[in-house]
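Worksheet for the structure shown next.
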Amino acid sequence: MPRPLKLLACGAVALLCAACTVGPDFQKPDPAVPAAYADRTRVQSAAPGAEPASTVTDQADTDPRWWRRFNDPELNALIDRAIAGNLSLQQAVQRIAASRAQARAAGAAALPQLNASGSYTYQQLGARGLLESRGVPQKIDSLGAPGSPLDNVSPGAGAAAQAAGKQLIDKIEDPVNLYQVGFDASWELDLFGRVRRTVEAADAQTESAIEARNDALVSLEAEVAQTYAQLRGAQLMTRIATEQIQEDQEVLDLTRSRQQAGLASQTDVERAQAQLGASQSQLPFYEQQMTTALNGLALLMGAPPGTLDAELSTPGAVPPVPPSVPIGLPAELARRRPDIRRAEADLHAATAQVGVSIAQLFPDISLTGSIGLRATEASYLTRWASHFYSIGPQVSLPIFQGGALRAQIAMAKADQAAATLAYRQTVLSALHDVDNALVRYRTDQARRDTLSTVVDANRRAFDLARNGYVNGLNSFIEVLDTERQLSNSRIELANATVRVTTDLVALYKALGGGWEPMASAQP
């Protein structure tokens, strides 16, 4: 067969074998989720017959930026700033860059490798020992012996040849300079897909890093929203405490007036004074909560403490929950939750690693070659006569490794099985997260609504007790008792209002949305 046809045939065989990628191909796992979330309308409201002001629906949310549904421009701006400045999120982005670089490095193994080299050595070749082992000096001596065949050709030719041979041996024995420049090339044919499976695993690991970033983004958005709600809650409770201090002061002034008129005892005055002090003692606690929340927001934005004090010191309302919350269907969780997507990518990488380990059982076939110039004088490197080259296949086949390769395959398959279980566990945990968040959101709304009626009732009771005390119909104990109940119920209502907002944030986090805008902006 002519040489070009041989090369063509070899190339065809290589291309056919290139399709032989050993190991299992990745199949997307079935998340095995129910058709709908559990019906939590059976959870009874604290107020019989009452429905929560905000209800959930199985419709899909068209805007993944769920925080905009609170309709709070300050919150929107804080989340945008946190996405831009959060240091943990930036670390996750850098891990993506490192993973992508690793994938490129893995893919480079499928391409021909070319290296340039150059060297200079001063060396003794040891040629005399080689010639002596072959009896060359004895043969040269025989050329000048009497009766040499060369003398029959020309008188004295034998002696001349002997002298020339000895001179050549002496010359070869001298150390020499050796100059060499050239190129080395190699190309692994990857007939059994080891490199391709390695690249596949590296790409899957990159996807895992991307989903880890997305998961960090979802957590960051939720943490900003919850901390912001806690800040507004602390400001609300500060206002309530301030109003309570005013009421306590009015009661104290009233009691002193009645005591001076002989209508109240000094004991009543002391009790009123104690109630005022108790209310005043709450202010430092709420100030501490505000400072902690402000510093927490600054940390999430990658800023030093105190950065947001002036900007957010003006009290604002706790972000109100929207009237309806679209949560979609469980089947959408696998697409929305970054932790599920990351578990799927990890399973993909583990599956590809099985193929990598199986490919180790098969031969590694490479084409290698080199070309260059070699001479004992630098000036001769420019001459074609000094060139050298080599080309040919190189095959490496494992014969006996003590069972190590089979053990690696078993380990890779075990890792794949563990990744499958981890995926199922992640999906199951996600379903529980959503269900628990739904229950908390509904029940805390019911509790908030009930507390609202409690506050109204306590307000009326306090007004009646105070008016009755002024008119001499009630004792001062009744005034203090109703005032204390009113204060406690107002604080509980404020806490419940904050909890409903943070419950909704937790529900949005459990649903997994909020990373899509940043993901679409990434290259």
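Extending 7 Å from Cα along the Cβ direction at Leu283 and again at Gln394 yields two label points whose distance is 8.2 nm.
Per residue, the average separation of C-alpha pairs within less than 8 Å and at least 6 apart gives the range 393-523 a relative contact order of 33 percent. Each part reduced to its alpha carbon centroid, the range 335-391 and the range 69-93 end up 43 Å apart.
Using the average count of surrounding beta-carbon atoms within 10 Å as a protection proxy, the listed peptides 77-90, 95-108 rank, highest first, as 77-90, 95-108.
For the pair Ala410 and Phe183, label points projected 7 Å from Cα toward Cβ lie 4.8 nm apart.
Between the alpha-carbon centres of the range 499-517 and the range 196-243 there is a gap of 9 Å. Applying both filters, DSSP loop and at most 11 other Cβ atoms within 10 Å, to the chymotrypsin sites (Phe, Trp or Tyr not before Pro) of the range 316-407 gives Phe400.
Since every read-out is calculated from the coordinates, none of them should be taken as a lab result. Small disclaimer: the values here were computed from a predicted structure and weren't measured. With ideal geometry, Cβ positions are generated from the backbone for all residues, glycine too; neighbour counts draw on all protein chains shown.
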